[in-house]
Amino acid sequence: RGHHSAAQRVLRVQVTSEANPFFLHSLEVDEEGFQDLKQDQSLLVDFTDFPARVIELLEEVVAAKGQASPRFLAVLSVQSESTSTVGIIETNKFKHLCHISLGFTPGTDATVKGYLAERLLETRAAKAQLERKLQGSHQRLREA
C-alpha cells in the first residue's frame, strides 16, 4: 500500500484489542526495512522466514498464557500518541531475554475505520455461512 512498489514484499502486523475495537497499532516492514531491523536486533532469519518465526514466538506466548510464571510474554509499551513497541520476552532463571522488539504506530481515523469495515464484512460473511448451515440442519431434521 501507499509508498511500497507493487513488486515489493511487505509484512504488515496489526495489534488490536478485543475489549477496545478502536485500538489499532500497525507495523509495515519491507525487505529494505527488515535489513535494518535484522542488523539492529542481531536477527538470524531472513525476510522470507521472519513472519513464521514471529508467529512461532507468539504461539509460545499464547501457550504460556494463564501460567503463574509464563516463560514467554508479549509486552506492549505505548511511549506516546505516535509510537509504541511490542516486545516478545522469554524469561529464564538468569534474565529476561527480548527476542524481538517491533515499533508500531497507532491507527489514524481512516485506518481504524478501514480495519473496522473489514472486520464487519468478515462478521457478516461468517453470519451468512452459519445461517446457511442452520437452514441445512433444519432441512435435514424435517426430512428425518
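Couple of notes before you dig in:
- Local electrostatic count, Leu57, Cβ distance below 13 Å [Lys/Arg +1, Asp/Glu -1]: -3
- Simple label model, 7 Å out from Cα along Cβ direction - Ala126 to Thr83, nm: 3.5
- Stretch in the chain that is longest and holds no GluC sites (Glu not before Pro) that DSSP places in a loop and that have at most 10 other beta carbons within 10 Å: 82-144
- The heavy atoms of Leu102 offer some 10 square angstrom of accessible surface to a 1.4 angstrom probe.
- Split the accessible area of the chain by element, probe 1.4 Å, and carbon with sulfur accounts for 55%.
- Mean residue ellipticity (222 nm) of the chain, computed from DSSP H runs ≥ 4 via -39,500 (n - 2.57), nearest 500: -14500 deg cm²/dmol
- On Cα atoms only, tilt of 50-64 relative to the major axis of the chain in degrees: 70
- Taking Cα atoms only, the orientation of helix 109-143 departs from the longest principal axis of the chain by about 40 degrees.
- Taking the Cα centre of the chain as origin and assigning +1 to Lys and Arg Cβ atoms and -1 to Asp and Glu Cβ atoms, the resulting dipole is close to 780 debye.
- Whether the range 1-69 is rounded, prolate or oblate, judged on the alpha carbon gyration tensor where a/c under 1.5 counts as rounded: oblate
- Using alpha-carbon coordinates, inclination of helix 31-40 to the longest axis of the chain, degrees: 50
- Using C-alpha pairs below 8 Å separated by at least 6 residues, the relative contact order for the range 9-144 is 18 percent.
- Length added when fully stretched, Ser17-Gln39, from 0.36 nm per residue minus Cα-Cα: 4.9 nm
- The convex hull of the Cα atoms of the chain, projected and averaged over all directions, covers 13.7 nm².
- Residue-normalised accessible area of the range 18-144, expressed per residue, 1.4 Å probe, Å²: 73
The values are calculated or read from the model by the stated rules, or taken from the named source; none is laboratory data. Keep in mind it's a predicted model, so treat the numbers as computed, not measured. Virtual Cβ from ideal backbone geometry, glycine too; neighbours counted across all protein chains shown. To get the accessible areas, we keep the full protein, side chains included, count just its heavy atoms, and leave off ligands, DNA and RNA. Shrake-Rupley method; radii C 1.70, N 1.55, O 1.52, S 1.80 Å.
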